[in-house]
Amino acid sequence: MKKYLIIAFFLVLVDQLTKMFAERVLVMPVDIVSGWFQFVLRYNTGIAFSLPVPMYLVIPLTIIFITLGTILSYLYLNWENKLYSIFFCLVFSGAIGNLIDRIVIGRVIDFIKIWLWPVFNLADIYITIAALILIYDTISNRPTQTIDDSIPS
């Protein structure tokens with residue numbers, strides 16, 4: 001677990017450095033691929049996809065979920081399974097990265113814009129990749145059922 005906490009710390013550091021860089025440099029949007037991909041500075045006071053939620057709820061709930069998630073992961077996660085360990089590392093890093101923004105400046109710094117998708121940041125990418133890992137693991141570990149198995153004898 002210690003190795004994954006070090007990786008998580010590194011991911012949070014990269015997230016925070018890119019947000020600081022975005023705040024200092026992105027005075028105007030920067031088109032990378034016109035109309036499809038750009039860097040643009042936005043501040044998110046809501047939760048996922050900028051859904052509005054009062055800040056007095058967001059910070060305590062985030063802290064509770066991170067704490068419970070960490071405790072439950074420590075107790076029940078199979079740390080020998082690298083996929084689960086990476087999943088934890090990514091979710092933890094993403095949650096901490098955005099929580100730091102909320103505590104320090106009262107909102108989350110977003111700066112990556114892809115086509116019609118809401119503007120996001122590296123912490124959001126970490127959480128999204130973790131969700132994809134969970135979906136992949138759920139689908140790939142499901143026992144396969146043949147047609148013969150589903151027909152009663």
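None of the figures in this text is laboratory data; all of them are computed from the coordinates on show. Because the structure is predicted, anything quoted here is derived from the model rather than measured. Because the Cβ atoms are built from the backbone with ideal geometry, glycine has one as well, and the counts that use them run over all protein chains shown.
Annotations
- Tilt relative to the chain, helix 55-76 - C-alpha long axis, 0 to 90 degrees, to 10: 40 degrees
- Each Lys or Arg adds one and each Asp or Glu takes one away; over the other residues whose Cβ falls under 13 Å from the Cβ of Leu122, this sums to -3.
- Electrostatic tally near Ile7: other residues with Cβ closer than 14 Å to its Cβ, Lys and Arg +1, Asp and Glu -1, net +2.
- Comparing Val27, Met1, Val14 along the charge dipole axis of the range 1-50, the residue lying farthest to the positive side is Met1, per the Cβ-charge model.
- Note on Lys82: lysines with a C-alpha under 20 Å away, same-chain residues under 8 apart excluded, are Lys2, Lys3.
- Leu51 versus Phe9: modelled label distance in nm, points set 7 Å from Cα along the beta carbon direction: 3.4 nm
- Entry note, the chain: relative contact order of 30 percent, from Cα contacts under 8 Å with a spacing of 6+ residues.
- Kirkwood Rh in Å, taken over the chain so that all alpha-carbon pairs contribute: 17.3 Å
- Partner lysines for Lys113 [C-alpha distance under 18 Å; skip if fewer than 8 residues away on the same chain]: Lys19
- Computed FRET value (nearest 0.05) for Asn78 with Ile135, which takes r as the C-beta separation and R₀ as 22 Å: 0.75
- Cα-based shape type of the range 1-69, given that a ≥ b ≥ c are square roots of the gyration tensor eigenvalues and the cut on a/c is 1.5: oblate
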